[in-house]
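Okay, structure first, notes after.
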Amino acid sequence: MSEAPREIPGILAGLVATAKRDLLLAWKRPGDVLNPLFFFAMVCTLFPLAVGPSAEQLEFSGPGVLWVAALLATLLSLNSLFITDFEDGSLDQLLVSPQPLPILVLGKTLAHWLTSGLPLVFVSPILAITYRMPLSVVGVMMLTLALGTISLSLLGSIGAALTVGLHRGTALLSLLILPLAMPIMILGANAVSLAASNDIYSTGIWALGAYAIASLSLAPYATAAALRISNE
Amino acid sequence: MTHKLSGDNLTLIRGERCLFQDLSFALESGGLLILEGRNGCGKTSLIRAIAGMLSLEEGTVYWDNEPVDNQRQVFHGALVWLAHRTGLKGDLTLVENLGFEHALRAHSKRDPEEVYERLGIARLKKLILRSLSAGQQRRVALARMLLADVPLWFMDEPFTNLDREGRQLVMELVEEHCATGGMCVMAAHQDVEIDAPTTKVRIQ
Amino acid sequence: MKPRQQRMLAVGLAALGIAIAAGLTLRAFQDNMMFFVEVSDVVAGEYPKERNFRIGGLVVGGSMQRAEGSLDIRFEVTDTACTVPVMYSGVLPDLFREGQGVVAHGRMGEDNVFQADKILAKHDEDYMAPEVADSLSKHQQDIQEAVVKGAAECRTNDS
Amino acid sequence: MWKWFHQLASPPHFYRISAILAPWLAVPGLILIAYAAWQGLFVVPMDYQQGDAFRIIYVHVPSAYLSMMAYMIMATSGAIGLIWRIKLSHAVAAAAAPIGAGFTFLALCTGSIWGKPMWGTWWEWGDPRMMSELILLFLYFGYMALRSSIDDTTKADKASAVLALVGIVNVVIVHFSVEWWSSLHQGQTVFKKGTMDADMRIPLLIMLLGFTLLFGAMLLRRIRTEVLFRERRTKWVREMILSPEGGA
């Protein structure tokens, strides 16, 4: 055992290491990434089947449907954010790690966004085109989805941390997260609709950006606190 | 440089039950602290509370005479945790698993190859952990402890899933760790034969 | 980096994040205001072309005209200085009354008539007894006359 | 002051004090509500635009205000419990949640009944107040669900306190996002805020006071039950129940 006190690697190293490990895990289990994407695509298919395929209707409901589907898909993927770590004891290791817990949590959330939010952003244009969305609006939609899913991942991590280790965690997670996620969906879907009707949509983009940055700077602390409580 | 871990009047109530009350202990470099008691009496809760994962009803844990709550990162930088659930990812290989831990901690001077060799897992480096036996996985967890190269070991039931040889190995490692100035907190319901200055805390 | 420094950095970053978020929110509100154009600006031609926007003001008394057999409605909205004619097709909200506040959403037609696709009657937050309201509305007639006069002046200024 | 506060936070002391305090809140509260209800229903003239329909504000406004008040109490006492580890404040948070949910529901119902004559619809999806109130109800449900699914009381207290704090921010944001979305309330630049005649306002203020007192009494009663349940294994509860006058 060496005696001299050694320097703990910087917080950036902790963030990157956690994100890298989760990305590696996702790479080895592609199903976890693909399932929410298929779910997203299927929810998007459900609506025209249920509401009817008239072009006018599709154009009108497209932004809303895509956003609701994205929200539900993110919710689906959030469930497993901390569960496996809890079950195999990795969570304990994170809690007694010399790195600050909020940073590690942020790393995990970053990996979650890269494997759930970002793929949604890239898949959405295909579905948007089937909803007859013009290309200029598709760009706006991708931007809102990108910003919105960041906040969804961060807010969702709070809920996932609160429900980790509970028996009926899945249903409870939705109950906790949906009210928190509503503003994001309102802002996102509305900005896309406004862009589609050639209105000024920048308000929504700014507000989503504000939401993302605010949750980026606060949510990791709440998640870390929730994790410590849940894992007691 | 010697270290000191001590607890003062620790009280923990879980749900309705008071698990322990006014419990105190002190442990110095080179020593071994064994938490004893029947199954389900709160050993695990106590060791988790000392490691800072569980908040106590009352009492303070000190690391080098400074409350742990004031210096969580210093304290956590000085300890490793090994429990029944190993905290290793079944989908990753041995090297990937230990590499993660390596990135979070201060870099150790120990040679990984040497440690793998010693624990008899050198051959398994490229395999994913899921394909290893429970005992082998346990050895990987032990390798993580050695590689962290820190003074304080926390071991919650370290002998589960181990054959006789494995048990012997754990005892040897702990002895060696204590002999070189390390310290170890262990929760165990079996008798432990380790040649180190031992303090025992019995939970009723 | 020492833990204390780390904590300072963390708090600093969080505060910075909140500040940026607050800035972005302000920006969002500003952009939202672009939706809303004062009636006087509309008359002066300062409104977003090719885009929808909102105008708001009082419905000028006696300006409402209904087309027979359809839901088409035409009325005038004033900000007490200028007036804009508004066309709307659809069911008006219950609280829509002459002399009351209204917000119209739509775009400017080429004939300088505002084509509204949404009409929102302002939910009146004045609560009073009918007698009080009566006396006030008598008073309001004077206001209205002034308004119409003002609007006329505005038109002449323009021409 | 601090000492007095600390003393009050001890469960047995609180239990004694609250027993004396509760009727002093409940009785005046009920009297004020009865007086204001009589005023509001029969004495106050009807509104020049909404007729008699506006009288529902005498229930609607107090319950809407209390729905938010209860949430604030729930969140702040949760935070106090989290930071200073005062057990009683967690009991307060737990007790406030169902009452708050009740008032939120009442506010939504009365609002909806009012909406029918006012807007011609029972439910207006675009109204920011209605939406934020509805989401407040969902937050209460989530809070209570989280509490009930964690067996360990201490853990449930802490976890739900975190949730309540996160939710507080959200109610504000929901309000603004819907406001922006529906644009119903745009135009503050043109119309100034409303006013109310004195003879309509005074009964409303009395009603607000009455509701608040009644809420206080209800909250105290619930906290008492909560405290008794949480402390059921302790010595003071046993002594109190076994003593001749305490069992009642």
Whichever residue in the range D:150-160 is open to solvent by less than 20 Å² (accessible area, probe 1.4 Å) and part of a helix (DSSP H, G or I) and, among such residues, is nearest to the other protein chains (Cβ to nearest Cβ): D:A159
Residue list for the range C:76-106, restricted to those being of a type in the set (A, V, I, L, M), crowded, with 16+ Cβ neighbours inside 10 Å, under 27 Å from A:L194 (Cα atoms) and more than 10 Å from the chain's Cα centre (by Cα): C:V84, C:V86, C:M87, C:L92, C:L95
Selection from the range A:26-59 of residues that are among the hydrophobic types (A, V, I, L, M, F, W, C) and touching a residue at least 12 places away in the same chain (Cβ under 8 Å): A:A26, A:V33, A:L37, A:F39, A:F40, A:A41, A:V43, A:C44, A:F47, A:A55, A:L58
Search result, residues across the range A:78-100 that are open to solvent by less than 10 Å² (accessible area, probe 1.4 Å) and small (G, A, S): A:G89, A:S90, A:S97
Tally, over the range A:86-142, of residues that are in a helix (DSSP H, G or I) and over 30 Å from B:L82 (Cβ atoms): 25
Residues of the range B:2-20 that turn out to be in contact with a Ser or Thr (Cβ under 8 Å, 6 or more places away or on another chain), within 14 Å of another protein chain (Cβ to nearest Cβ) and not basic (K, R), as a count: 7
Filtered residue count, the range B:140-181, keeping only those that are surrounded by fewer than 23 Cβ atoms within 10 Å (Cβ to Cβ), of a type outside the set (A, V, I, L, M) and under 21 Å from B:D91 (Cβ atoms): 1
Pairs with Cβ under 8 Å, 6+ apart, first in the range D:74-97 and within 16 Å of D:Y143 (Cβ to Cβ), second open to solvent by 20 Å² or more (accessible area, probe 1.4 Å) and outside any helix (DSSP H, G or I): D:S89/D:A9
Residue that is nearest to the other protein chains (Cβ to nearest Cβ) [pool: residues in the range C:45-72 that are assigned to a loop (DSSP other than H, G, I, E, B) and basic (K, R)]: C:R51
Candidates A:L180, A:L147, A:L227, filtered to the one that is at pLDDT 90 or above and over 30 Å from C:P48 (Cβ atoms): A:L227
Scan of the range B:50-74 for residues that are without any contact (Cβ under 8 Å) to a residue 60 or more places away in the chain, of a type in the set (A, V, I, L, M, F, W, C), within 26 Å of B:A106 (Cα to Cα) and touching a strand residue (DSSP E or B) at 6+ places or on another chain (Cβ under 6 Å), ordered by number: B:V61, B:V68
Qualifying residue in the range A:213-221 (condition: among the aromatic types (F, W, Y), within 30 Å of C:G106 (Cβ to Cβ), within 10 Å of another protein chain (Cβ to nearest Cβ) and open to solvent by 10 Å² or more (accessible area, probe 1.4 Å)): no
Only one of C:V11, C:V42 that is assigned by TED's automatic domain parsing to the domain that holds C:G109 and not in a loop (DSSP other than H, G, I, E, B): C:V42
Scan of the range B:45-68 for residues that are open to solvent by 40 Å² or more (accessible area, probe 1.4 Å), within 11 Å of another protein chain (Cβ to nearest Cβ) and out of contact with any helix residue (DSSP H, G or I) (no Cβ under 9 Å at 6 or more places or on another chain), ordered by number: B:E58
Answer residue from the range A:10-30, given it is in contact with a Leu (Cβ under 7 Å, 6 or more places away or on another chain), among the small types (G, A, S) and at the interface with another protein chain (Cβ under 10 Å from one of its Cβ atoms) and is nearest to C:A10 (Cα to Cα) among those: A:G14
Residue list for the range B:6-20, restricted to those being modelled with pLDDT of 80 or more and touching a Gly at 6+ places or on another chain (Cβ under 9 Å): B:G7, B:D8, B:N9, B:L10, B:T11, B:L12, B:F20
Filtered residue count, the range A:131-156, keeping only those that are open to solvent by 30 Å² or more (accessible area, probe 1.4 Å), on the phi < 0 side of the Ramachandran plot and in contact (Cβ under 8 Å) with a residue 12 or more places away in the chain: 6
Qualifying residue in the range B:71-79 (condition: in a strand (DSSP E or B) and within 9 Å of another protein chain (Cβ to nearest Cβ)): yes
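The rows are residues; the columns are (1) in contact with a Ser or Thr (Cβ under 8 Å, 6 or more places away or on another chain); (2) at pLDDT 90 or above; (3) surrounded by fewer than 22 Cβ atoms within 10 Å (Cβ to Cβ).
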| residue | (1), (2), (3) |
| --- | --- |
| A:M1 | yes, no, yes |
| A:F38 | no, yes, yes |
| A:V51 | yes, no, yes |
| A:E59 | no, no, yes |
Selection count where residues are more than 9 Å from every other protein chain (Cβ to nearest Cβ) and assigned to a helix (DSSP H, G or I), scope the range A:152-180: 9
Qualifying residue in the range B:36-59 (condition: hydrophobic (A, V, I, L, M, F, W, C) and part of a strand (DSSP E or B)): no
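The values are calculated or read from the model by the stated rules, or taken from the named source; none is laboratory data. This one's a predicted model, so the numbers in the text were calculated from it and none came from an experiment. Ideal geometry is used to build each Cβ from the backbone, glycine not excepted, and the neighbour counts take in all protein chains shown. SASA here: full protein model, heavy atoms, side chains in, ligands and nucleic acids out. Shrake-Rupley method; radii C 1.70, N 1.55, O 1.52, S 1.80 Å.
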